[in-house]
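For reference, the structure is listed below as C-alpha cells.
The values are calculated or read from the model by the stated rules, or taken from the named source; none is laboratory data. What you see is a predicted model; the values in this text were computed from it and never measured. All Cβ positions, glycine included, derive from the backbone under ideal geometry; neighbour counts span all protein chains shown.
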Amino acid sequence: MPRIGVFICHCGHNIASTVDVEKVAEFAKTLPNVVVAAHNMYSCSEEGLGAIRKSIEENKLDRVIVAACTPRTHEPLFRRNCERAGVNKYLFEFVNIREHVSWIHAKEPEAATEKAKMLVAMGVAKAALLEPQEESESSVIPVAVIIGGGISGLAAMSALVSQGIETHLIEKEKQLGGILKDIAVIGPEMKNTKELLDKMIKEIKCSPKAHFHLSSRMTDMQGFVGNFEVTITGDDKCSEKVKAGAIIVAIGGREWTPKGEFGFGKIPGIITQLELEKRLAKGDVPDNAVFIQCVGSRIPGRDFCSRFCCNASIKNALRIIEAKPNAQVTILHRDIMSYGTTAERVYRDAAEKGVRFMRYGLDSLPKIEKHGDGLSVEVFDETLDDVIGMSVDTIVLAVPMVPIENVKDVATQLKVPVDKLGFFLEAHVKLRPIEFATEGVFICGTARWPSQVSECIAQGLGAAAKASIPIREGKVKIEPITTSCNIGKCIACGNCVAACPYQAIEIIETDGKRHAFVTEAKCKGCGNCVAACNNDAMQQKGFTTTQLSAMIDALVKNAMEASQ
Amino acid sequence: MTEFNPTILAFCCNWCSYAGADLAGVSRLQMPPNVHVIRVMCSASVKPEYVFKALSEGIDGVLVLGCHIGDCHYLTGNHRTAKRFPLAQKILNDVGIDERRLKLDWVSAAEGEKFQTVITDFVSQIKQLGPNPLREVRF
Amino acid sequence: MNDLGKKLTKMAFEDLKADYLLVVRQEHGDLAPAFISKDEDVGEVRFDAPYQLVTVLSRIYPHIPTGKIAIVSRKCDELAINELTKRGILDEKRIVKIGLACDGHTADKCRCPDPKPSKVDIGEPVKGIPEDPLVAKLMKMTLEDRLKYWVRQFKKCNKCFGCTANCPVCFCENQCVLGERTLVSEKSIPPGLAFHLVRSFHMSDKCIECGECERACPGDIPLLALRRMVHADMKEMYKFVPGDPKTVSPLLTTLEGEVMEDEHNVC
C-alpha cells in the first residue's frame, strides 16, 4: 500500500491569495492512500524542503506530491529533495496550482480552490501507481562536430581542441572566416579582422585534434546525444561519415538584400554596409556619405534589431574621416544601439570628430534622389524639427542580418526548431541558453540571433563548454520516460514500429513469440507508440495507461460527486 | 436554475502547450476554471481511448493541445495526433455524441494568449452544448 | 461430395497445387467450416449464406506451419486477407484464393455494396446494395436521437465478445484491450459506451464490413451500421478503404500522405 504525502505550497501570496490552501490540504487527507497532507509557505525554500524531508521520515512516506508552481522549473529540485530523504526521485508527482490555477482564476477563489482539489486528487491517483525508476546510461563518442567556420564556429573549435577533444569543422566555402572575411576592421575598437582570424586559425591548426572540411556541407545527421553520425559531402560529391558525441551549429547569417528601399538597385551610389566594407578595403573611400540605419529592420515582419549595425556604421564613419579628414559623414538613425563602455565611448568620439547623427522617424523617411553625378538626401530631423538637405556621393544602407537561405533544411536535418524569422530556438532563453531541447546539439553565433563579434566569440566558447560536458563525462543519463513493450500483451501488429518518429522500435522474436522491442537509447519518450498500440502493450514510464486512466477516474469521481 | 458548470479535461504536451499554459499563468491571463490539465510528453501519446473513456464516463469536454505541425519536439509526433483525433471526433458523431466535445488544437510555448483563447472558447462551447448526456445514462 | 465440392477440390489440389482447402459445408443441417487436405472428402459444399472464412483461417493458420492453403474467398474474404497479409499475420505466398461471387440472397443478407471479388472463379456476380438503409436513417437523425438510439442498442450488450471472436480482422484475441478494466472501466454488464467507441476506433482501419459481428450478436445490435458509418468517415477524411493491399493505416502516416511502408513491413 503506497503511503502518500501531499504538500500544498502557499508560494507566499502567489497561490494562497486565491486558493484556500488549508482547505485543499484538508481535502487531500480524505484521498485514498494519503497518509499526511500539509501546507508550506515556500516549499522550494530550504525550510520548505526540510519540512518535506522531515515528514517523509516521520510518516514513512514512499510517494510525495507537491502542489505548487510548474514542474518545468522546480521538478528537478523536488526530485532531488526526495532522493535526499531516501525516496526514489521518480516517486514524486508535481501538481501545478499556480500557473494553472491561482494566477489564472484570480477573481474566482472558490472555483480555483475546487479546481486545485481536483488536480490534487488526480495527482494522488497517479502517484499511487508510480514505480521507482533508475536513469540508464549511454556512452558518448568523444568527438565534436561544428557546422560553420565563421568566428563563432572557430571560437568553439579553439576551445574544444585546446581541451584535447577531437573536433571536425564543416565549412561550405573554400576559406574559413564566414562574413568576417569581407570585413577588414571590427568595431567598436577597430580590431584588425585578418589578424584575429589568422591567429585563431593558426592556434587551432597546431592541434592534431583539429580537422577541417572545407567546401563541404552536412548532408545527413542521424543518432542522438553521444552517438551522432554526421555525413559530410564535399563540393566534389565525395562523402564521409563522422561519428560524434556533440554537434555545434554555427552556420551564421547573411546580410539582408534590400528590395529597392531608398532607391537601392535603381539609383547608383546606394550600397549596403558589406559593399562599403569591400570598397574601404580596396581604398575606395567616399568623399562624403550618409548612413541610413534600420533599413528593413525594426518594421513589421522583421521587427528585431541586429545589434551590430550601429557600431559598424560608426566604425566605418570613423574610417572614412580618418582616410579623408574633410569628408562629411552623416548617420541617419532611429535610435543608436551602441551598448557597453567601449561602444559608448566610440559613439561619443565619433560625434566629437564631426560625424553627424540625425534621428528620423518611420513616418517621415529620408528622401533620396539622383542629383547630378551624386545623390541628394532630404531628411526631417526630429531633434531639429526641420528638414535638412544634403549632397553626397554614397549612401550606405545598414540592413539587418537574417538567417541563411536554406536554414529550414539544416534545421530539419538536425531536428531542431527555428522561430518565425528562421533563427534557431534554444531550449530556454534563461534557463538553458546556447543549447537545444534536443540534447547534444548546441547553437552559437548569428544563426541564433544577430550578435556582435565579441558576443559570437563568447557564445562559441559557451557552446564548446557545454558540448564538452557529455564528451568529458563519457556517458549521458537517459531520463526514464522511455517506452517498453509488455510482451504478453503484444500481438506484433507493427503499429508502434510505424508510429515511432525515431525508428527506435522493431519486431523481434523471443522464445517463439513475436513482439515489439524498443531500443532504449533511441527512445526519446514521445509516447507515439503508446497511442498507436491497440492492445495496451506499449507503456511509457511515468505515463502509463493505468496512471493516466486513474487520473481520469479521479477527476470523474471527484468532479461528478461535487456537482451532484 | 443553476448554471451548468462543465468539467473539462485537457491533455497538454510538455514542450509546447503545457509551457504555453504556464506562460498564460505567468502573464496572469484570466480564464474560466473548468479545465483540468494532464501533462504528457507529446500530444501523440494521448490515446483516443482516454478520450472515449472520459466522455463515456461523463466528462463534458476533452481538449488535446500539442505543438504546431512542423514544430513537434518529437518530429512527426503531432502529425499522428492530427490523424487520430479527427477520426475520434467522427466516431463520436456517428454514435451521437457531439464531436465538438473533443477538440484538438495547437498551442506553442510562446502562445500564452492563444492558450487563454482556446480555453475560454472551449468552455463557452461546452456550456452551450450543455452537460454530457452520458452523465445521466446508467448502463 | 457434391458438384461444387468436386469442382473446388479439383481447382484447389490439381490446378492451384494447394495442400489444404478451406470451405463451408453442410453439417448437421447447418453450415460449418471444413479444412481438408488432398485426399479427404470435402462433403456437401454450400456457399448460399454469409460465412467469413478468414476468421477460421486466421485462427488455424498459426497451427499450420507449412503448406499452401486454398481458400474460397468472397470479396470480403479477399479484403480481410489483404488486411492480415499487410500486417504480416498471414504470408500471402501461402494463401491461394478461389474467387467466389456471392449470390443475390447472400448479398442481401449482408447489405453488401460490392459482392464481387477481384477474380471470379465460381458463381455469377450480382449487383450489390449501394446504400445501407439503416445507415441512411441514422445519418438523418438529430444527434440527440442518434445517441438515444445507440444507447438503447448498446444496453443490450452483454460482453459476450461474439463480435470480436467472429471478426476476421480482429487478431488480438487474448490480448484484446476491451477485456481489461483500465480503459473500459465500467465493470458492469452492459459495459458502457467506451467499449463500443474503442472498438470502433480500433476497427476503423481494418473493418471490411463483412457483417459477422452483427450476425453473431445475441442482442441483435446493428453493429454493421456503425462500422459502415466509420468506414464512410475514413473514406471521406483519408481516402482510405480497408482491404487496401498497400497502405497499412492512414493513422500511421504523416500529413503529406506518405506511407511508411518499409518501416512497417519489418514485421
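Computed values, structure above
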{"read-out": "Among the candidates A:Pro480, A:Pro470, residue that is closer than 30 Å to A:Leu130 by Cα and in a helix (DSSP H, G or I)", "value": "A:Pro470"}
{"read-out": "Residue within the range A:368-389 that is within 14 Å of chain B (Cβ to nearest Cβ), surrounded by fewer than 20 Cβ atoms within 10 Å (Cβ to Cβ), free of Cβ contacts under 8 Å to residues at least 24 places away in the same chain and over 26 Å from B:Asp22 (Cα atoms) present", "value": "no"}
{"read-out": "Out of A:Gln452, A:Gln503, sole residue that is buried (at least 18 other Cβ atoms within 10 Å of the Cβ) and either assigned by TED's automatic domain parsing to the domain that holds A:Gly123 or not charged (D, E, K, R) (or both)", "value": "A:Gln452"}
{"read-out": "Where a residue in the range A:423-442 is over 20 Å from A:Ala464 (Cβ atoms) and its partner, wherever it lies, is crowded, with 19+ Cβ neighbours inside 10 Å and at pLDDT 90 or above, with Cβ under 6 Å and at least six apart", "value": "A:Phe423/A:Pro403; A:Phe423/A:Trp449"}
{"read-out": "Strands (runs of 3 or more DSSP E) (entirely within the range A:47-143) containing at least 1 residues that are surrounded by fewer than 23 Cβ atoms within 10 Å (Cβ to Cβ)", "value": "A:92-96, A:136-139"}
{"read-out": "Candidates A:Gly252, A:Gly245, A:Gly226, A:Gly234, filtered to the one that is surrounded by fewer than 20 Cβ atoms within 10 Å (Cβ to Cβ) and small (Gly, Ala, Ser)", "value": "A:Gly234"}
{"read-out": "Given (1) in a helix (DSSP H, G or I); (2) out of contact with any Cys (no Cβ under 6 Å at 6 or more places or on another chain); (3) closer than 30 Å to A:Arg254 by Cα, number of the condition A:Gly460 does not satisfy", "value": "(2)"}
{"read-out": "The range C:102-116, residues that are among the small types (Gly, Ala, Ser) and buried (at least 20 other Cβ atoms within 10 Å of the Cβ)", "value": "C:Ala107"}
{"read-out": "The range C:138-156 residues that are more than 9 Å from chain B (Cβ to nearest Cβ), paired with ones that are among the small types (Gly, Ala, Ser) (beta carbon under 6 Å, 6 or more apart)", "value": "C:Lys156/C:Gly219"}
{"read-out": "Residue within the range B:96-113 that is assigned to a strand (DSSP E or B), facing another protein chain (nearest Cβ under 7 Å) and surrounded by 24 or more Cβ atoms within 10 Å (Cβ to Cβ) present", "value": "no"}
{"read-out": "Flag if A:Asn288 is of a type outside the set (Gly, Ala, Ser), assigned by TED's automatic domain parsing to the domain that holds A:Leu365 and surrounded by 24 or more Cβ atoms within 10 Å (Cβ to Cβ)", "value": "no"}
{"read-out": "C:Pro65, sole failed condition from (1) in contact with a Leu (Cβ under 9 Å, 6 or more places away or on another chain); (2) surrounded by fewer than 22 Cβ atoms within 10 Å (Cβ to Cβ)", "value": "(1)"}
{"read-out": "Pairs where the first residue, in the range C:58-77, is farther than 22 Å from C:Asp114 by Cβ and the second is part of a loop (DSSP other than H, G, I, E, B) and of a type outside the set (A, V, I, L, M, F, W, C), C-beta under 6 Å, 6+ apart", "value": "C:Gly67/C:Asp19; C:Lys68/C:Asp19"}
{"read-out": "Unmet criterion (only one of (1) more than 10 Å from chain B (Cβ to nearest Cβ); (2) of a type in the set (Phe, Trp, Tyr); (3) closer than 28 Å to C:Ile89 by Cβ) for A:Tyr502", "value": "(1)"}
{"read-out": "Members of the range A:496-515 found to be of a type in the set (Ser, Thr, Tyr) and not in a loop (DSSP other than H, G, I, E, B), listed by number", "value": "A:Thr510"}
{"read-out": "From B:Val35, B:Val40, residue being within 7 Å of chain A (Cβ to nearest Cβ), of a type outside the set (Gly, Ala, Ser) and surrounded by 24 or more Cβ atoms within 10 Å (Cβ to Cβ)", "value": "B:Val40"}
{"read-out": "The range B:6-31, residues that are out of contact with any Asp or Glu (no Cβ under 8 Å at 6 or more places or on another chain), surrounded by fewer than 24 Cβ atoms within 10 Å (Cβ to Cβ), farther than 23 Å from A:Ala427 by Cβ and in contact (Cβ under 8 Å) with a residue 12 or more places away in the chain", "value": "B:Gln30, B:Met31"}
{"read-out": "Check on A:Val497, of a type in the set (A, V, I, L, M), touching a strand residue (DSSP E or B) at 6+ places or on another chain (Cβ under 8 Å) and within 14 Å of another protein chain (Cβ to nearest Cβ)", "value": "yes"}
{"read-out": "Pair list, Cβ < 6 Å and 6+ apart or interchain, from the range A:520-535 residues that are more than 7 Å from chain B (Cβ to nearest Cβ) to residues that are surrounded by fewer than 24 Cβ atoms within 10 Å (Cβ to Cβ) and hydroxyl-bearing (Ser, Thr, Tyr)", "value": "A:Glu520/A:Thr482; A:Ala521/A:Ser138; A:Lys522/A:Tyr502; A:Cys523/A:Thr482"}
{"read-out": "Filtered residues of the range B:13-41 (kept if assigned to a strand (DSSP E or B) and either at pLDDT below 90 or farther than 15 Å from B:Thr117 by Cα (or both))", "value": "B:Cys13, B:His36, B:Val37, B:Ile38, B:Arg39, B:Val40"}
{"read-out": "Condition check for A:Ile292: under 26 Å from A:Lys420 (Cβ atoms) and not charged (D, E, K, R)", "value": "yes"}
{"read-out": "Yes/no for A:Glu22 being within 12 Å of A:Ala116 (Cβ to Cβ) and without any contact (Cβ under 8 Å) to a residue 60 or more places away in the chain", "value": "yes"}
{"read-out": "Residue, nearest to the other protein chains (Cβ to nearest Cβ), within the range C:230-246, restricted to residues that are touching a residue at least 40 places away in the same chain (Cβ under 8 Å) and surrounded by fewer than 22 Cβ atoms within 10 Å (Cβ to Cβ)", "value": "C:Ala232"}
{"read-out": "Members of the range A:67-114 that are touching a His at 6+ places or on another chain (Cβ under 8 Å) and either more than 10 Å from every other protein chain (Cβ to nearest Cβ) or closer than 18 Å to A:Ala51 by Cβ (or both)", "value": "A:Ala68, A:Phe94"}
{"read-out": "Subset of the range B:44-66 that is more than 9 Å from chain A (Cβ to nearest Cβ) and outside any strand (DSSP E or B) - its residue that is farthest from the chain's Cα centre (by Cα)", "value": "B:Ser56"}
{"read-out": "Failed item, numbered, when A:Gly512 is tested on (1) crowded, with 23+ Cβ neighbours inside 10 Å; (2) outside the structural domain of A:Ile443 (by TED's automatic domain parsing); (3) over 30 Å from B:Glu57 (Cβ atoms)", "value": "(1)"}
{"read-out": "Hits in the range A:397-450 (condition: closer than 18 Å to B:Ala109 by Cβ and modelled with pLDDT of 95 or more)", "value": "A:Ile443"}
{"read-out": "Residue match in the range A:44-52 (condition: among the hydroxyl-bearing types (Ser, Thr, Tyr), over 21 Å from A:Glu110 (Cβ atoms) and more than 14 Å from every other protein chain (Cβ to nearest Cβ))", "value": "yes"}
